[in-house]
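Heads up: the structure comes next, in structure tokens.
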Amino acid sequence: MHSSSPPVLKEQLRQEALARRDGLDKGFREEAARVIAARVLGLSDLRDATPVGGYWPIRSEVDSRPLMEALRERGQDVALSQILHPHLSWRLWRPGDVLVKGGFGVREPGPDAPEVFPKSLIVPLVAFDRRGGRIGYGKGHFDRAIAALEEQHPVLTVGLAYAVQEVEEVPVEPHDRLLDIIVTETELIRTQPA
């Protein structure tokens, strides 16, 4: 077992996983995003869990845009996260909508887009384990967002990642929320929380 504290371990795992993710070829990432989108679209759990909260990708994150466009095409409402420090809100999005630059350089709907409360979330991540442990960028936005939504209704959480982002074990702290499903270019993982 590790002797370092969870935040220190998370930061080490974060840096290692980011290096692996950043090292993936752009062509590989584009093809992986299409494969991941197809896997997610096949989830029966997601069909009735609308609206779906998604994210606009930054850096080398899995490109969620093909998935969000396909969800809209099949008639599901899709919302994008909007960073309102320290929380996230969700605003309806349609392909072609004008997006504004928000926190961390994330593109997000403007303040006039209707706010919604998703029943499912498509979640970006930096590292993950098979129990559903997730490491993000360390600000806790998605953990707080999931917790807030769970106070209103059950929320299906689906993490998008490349297989190289998997780690043996994510140190879990009391505020961390485990993901229900993780989808990579190689498999769909239904997590088994400890």
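The values are calculated or read from the model by the stated rules, or taken from the named source; none is laboratory data. Here the structure is a predicted model, which means the values were calculated and not measured. Quick reminder, even Gly has a Cβ in these numbers, built from the backbone with ideal geometry, and neighbours come from all protein chains shown.
Some observations on this one:
- A single entry from Leu88, Leu24 fulfils the requirement of being aliphatic (A, V, I, L, M), surrounded by 14 or more Cβ atoms within 10 Å (Cβ to Cβ) and touching a Ser or Thr at 6+ places or on another chain (Cβ under 6 Å): Leu88.
- Test: Ala79 is assigned to a helix (DSSP H, G or I) and closer than 17 Å to Leu160 by Cα: no
- Selection of region 11-62 for residues being charged (D, E, K, R) and over 21 Å from Arg107 (Cβ atoms) yields Glu11, Arg14, Glu16, Arg20, Asp25, Glu31, Arg39, Asp45, Arg47, Asp48.
- Test result for Ser4, of a type in the set (S, T, N, Q) and either surrounded by 14 or more Cβ atoms within 10 Å (Cβ to Cβ) or in contact with a strand residue (DSSP E or B) (Cβ under 8 Å, 6 or more places away or on another chain) (or both): no
- Listed conditions (1) without any contact (Cβ under 8 Å) to a residue 60 or more places away in the chain; (2) among the small types (Gly, Ala, Ser); (3) outside any strand (DSSP E or B); (4) under 25 Å from Ala17 (Cα atoms) are all met by Gly132, apart from (1).
- Search result, residues across region 150-178 that are free of Cβ contacts under 8 Å to residues at least 40 places away in the same chain, assigned to a helix (DSSP H, G or I) and either over 19 Å from Asp45 (Cα atoms) or within 15 Å of the chain's Cα centre (by Cα) (or both): Ala163
- Residue within region 115-125 that is farther than 28 Å from Arg94 by Cβ, under 14 Å from the mean Cα position of the chain (by Cα) and surrounded by 14 or more Cβ atoms within 10 Å (Cβ to Cβ) present: no
- Considering residues of region 91-114 that are more than 30 Å from Leu9 (Cβ to Cβ) and touching a residue at least 40 places away in the same chain (Cβ under 8 Å) only, the residue surrounded by the most Cβ atoms within 10 Å (Cβ to Cβ): Glu108
- Those residues of region 32-45 which are at pLDDT 95 or above and surrounded by 12 or more Cβ atoms within 10 Å (Cβ to Cβ), in sequence order: Ala32, Ala33, Arg34, Val35, Ile36, Ala37, Ala38, Arg39, Val40, Leu41, Leu43
- Boolean, Ile58 is among the hydrophobic types (A, V, I, L, M, F, W, C), in contact (Cβ under 8 Å) with a residue 24 or more places away in the chain and outside any helix (DSSP H, G or I): yes
- Per-region count, region 37-52, residues part of a helix (DSSP H, G or I) and among the hydroxyl-bearing types (Ser, Thr, Tyr): 1
- Number of the exception - Ala113 against (1) outside any strand (DSSP E or B); (2) within 19 Å of Ile135 (Cα to Cα); (3) modelled with pLDDT of 90 or more: (2)
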